[in-house]
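Contents: one structure, followed by commentary.
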Amino acid sequence: MTVGIQPSKLIDGKAAANTLTTEIAADVAALRSATGKVPGLAVILVGEDPASAVYVASKHRQTLAVGMASFERKLPADTNQDDLLSIVNELNQDPSVHGILVQLPLPSQIDPNMVLNAIDPTKDVDGFHIQNAGRLATGQEGFVPCTPRGSLLLLKQRLGDLAGLHAIIVGRSNIVGKPMAQLLLAENCTVTVAHS
């Protein structure tokens, strides 16, 4: 018998998502009632990558479903970096936009780091800006990439306290692997990050 290995446990992500959607919708309604403000999310899609288009459409639907304002910017694949940076700056200055997402991947003529770091860190709801990544790495408050944050939420709902557990993360991307490692370290897990 192998010590420490437990049988797998199914995590119902759809049920958790439905619960979270209901909670967020209630929070948005309460904010609107108390302040008259409606949170606004802007999503920028450059090009017509099929998977990205599906993901952006889903973000739009979910944003509206919780009572938030949704602003979409769909740009042609040949958009140049300066034009994209100009749009990001415009959204940074727009008081009706509280969150900005730039859908990745971007076309090859655009430096994604330049674009992601142009987003106002206080509107960088993807948590990709260097300031938010640094805050996460040093245990400070900031925006966290959604996939790792959602994964942590599901793990905690299913397993409870994660302290003392050993987590193995396969992949070391800035979008999932590295932030997931930081979140699990903050939960007092022992973390191994494996190359993809």
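List, largest first, the extents of the alpha carbons of the chain along their principal axes, each in whole Å.
60, 43, 33
Per-residue counts of other Cβ atoms within 10 Å, averaged by peptide: what ranking do you get for 15-23, 94-102, highest first?
94-102, 15-23
So for the range 144-195, averaging the separation of alpha carbon pairs under 8 Å that are six or more residues apart and normalising by length, what relative contact order in percent results?
Relative CO of the range 144-195 lands at 43 percent.
In nm, what is the difference between 0.36 nm times the number of residues separating residue 140 and residue 65 and their Cα-Cα distance?
Taking residue 140 through residue 65 to full extension adds about 24.0 nm, to one decimal.
Using the basic label-point model (7 angstrom from Cα toward the beta carbon), what is the residue 161 to residue 186 distance in nanometres?
The two pseudo-label positions are separated by 2.0 nm.
Carbon and sulfur together cover what percent of the accessible area of the range 4-101 at a 1.4 Å probe radius?
Working: 3430 of 5990 Å².
Answer for the range 4-101: carbon and sulfur cover 57 percent of the accessible area.
Measure nothing fancy, just the Cα-based angle from helix 81-93's long axis to the longest principal axis of the chain, in degrees from 0 to 90, nearest 10.
Helix 81-93 and the main axis of the chain meet at about 80 degrees.
Using 0.36 nm times the number of residues separating residue 78 and residue 12, minus their current alpha carbon distance, what extension gain do you get?
19.7 nm
How far apart, in nm, are the 7 Å Cα→Cβ label points at residue 52 and residue 34?
3.7
Express in % the proportion of alpha carbon pairs of the range 37-143 at distances exceeding 20 Å.
The share of Cα pairs beyond 20 Å in the range 37-143 comes to 39 percent.
Across the chain, how many lysine pairs, 8 or more apart or on two chains, come within less than 27 Å at their alpha-carbon atoms?
Pairs that pass both the separation and distance tests number 17.
Starting from the Cα of residue 20, step 7 Å along the direction of its Cβ; do the same at residue 86; then give the gap between the two resulting points in nm.
The modelled label-to-label distance comes out at 3.6 nm.
Translational diffusion coefficient, Stokes-Einstein: compute it for the range 144-195 using the Kirkwood radius over C-alpha pairs as Rh, at 4 °C and 1.567 mPa s, and state it as an integer in µm² s⁻¹.
120
Summing -39500 (n - 2.57) over the DSSP H runs of n ≥ 4 in the chain and dividing by its residue number, what mean residue ellipticity at 222 nm do you reach, to the nearest 500 deg cm²/dmol?
Only helices count here, giving -14500 deg cm²/dmol.
Nearest 10 degrees, 0 to 90: what angle lies between the long axis of helix 50-65 and the longest principal axis of the chain (Cα atoms)?
Its long axis makes an angle of about 90 degrees.
The values are calculated or read from the model by the stated rules, or taken from the named source; none is laboratory data. Given the structure is predicted, the values throughout are model-derived calculations rather than measurements. Every residue, glycine among them, receives a Cβ derived from its backbone with ideal geometry; neighbour counts consider all protein chains shown. Surface areas here come from the heavy atoms of the whole protein model, side chains and all, with no ligands, DNA or RNA. Shrake-Rupley method; radii C 1.70, N 1.55, O 1.52, S 1.80 Å.
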